[in-house]
Amino acid sequence: MEKRQWFLCAVTIALAGLYICFFTDWFKPTIVHISHTMRPIPLRSSRGATVTAVVFGLDRYYRLTEVKVVPLAEWQTNQSVLPLWHLISGSKSRPTKFFLYGQNIDRMKPAVPGVHPKPLETNVVYRLFLVAGSVNGQHDFQIGGRRVAGK
């Protein structure tokens, strides 16, 4: 090959590399997009009484490996704060797109055996941390009005 052909090949490869870096998601870290909503759940024991449950939704199905909820103000001053709810995957968890705060997610167990989720308080900002293999995400949320039931 001539010098000109080698030069054109090098320019083509360089342009392809620039295109891949700037116009594709190949080298961008994957982030889990999380949303939440509050749902009233009627209590069986009393008439008309309800508790508010927090439902978290993910942008697609993920095999979760860790779920943790901490009070945001405490976490910002001390990142080793004890979580209110902390689950880890003992084996491959089932693909999940929605879950409730305090729910026993299939094939996940408490990080500390025997510890149950603590109830959430009103007007406190919390942060949810999720890990699903090599991807992770976090979401801040706050409960207004009533207390949230924790299992």
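If you go through the stretch 1-38 and pick out every residue that is surrounded by 10 or more Cβ atoms within 10 Å (Cβ to Cβ) and assigned to a loop (DSSP other than H, G, I, E, B), you end up with 3. Confirm whether PRO71 is free of Cβ contacts under 8 Å to residues at least 24 places away in the same chain, farther than 14 Å from ASN136 by Cβ and assigned by TED's automatic domain parsing to the domain that holds GLN138. For PRO71, the condition - free of Cβ contacts under 8 Å to residues at least 24 places away in the same chain, farther than 14 Å from ASN136 by Cβ and assigned by TED's automatic domain parsing to the domain that holds GLN138 - is not met.
Filtering the stretch 102-140 to residues that are within 12 Å of the chain's Cα centre (by Cα) and not small (Gly, Ala, Ser) leaves ARG127, LEU128, PHE129, LEU130, VAL131, VAL135, ASN136, GLN138, HIS139, ASP140.
Taking the stretch 7-27 as the range and being of a type in the set (Phe, Trp, Tyr) and at pLDDT 90 or above as the test, only PHE7 passes. Of all residues in the stretch 66-92 being surrounded by 19 or more Cβ atoms within 10 Å (Cβ to Cβ) and of a type in the set (Val, Ile, Thr), which is farthest from the chain's Cα centre (by Cα)? In this case the residue turns out to be VAL70.
Counting residues in the stretch 61-74 that are over 14 Å from LEU130 (Cβ atoms) and modelled with pLDDT under 90 gives zero. The residue that is surrounded by the fewest Cβ atoms within 10 Å (Cβ to Cβ), among those in the stretch 93-129 that are free of Cβ contacts under 8 Å to residues at least 40 places away in the same chain and at positive phi, is GLY114.
The values are calculated or read from the model by the stated rules, or taken from the named source; none is laboratory data. Predicted, not measured: the structure shown is a model, and the values here were computed from it. Every residue, glycine as well, gets a Cβ built from its backbone with ideal geometry; the counts of neighbours run over all protein chains shown.
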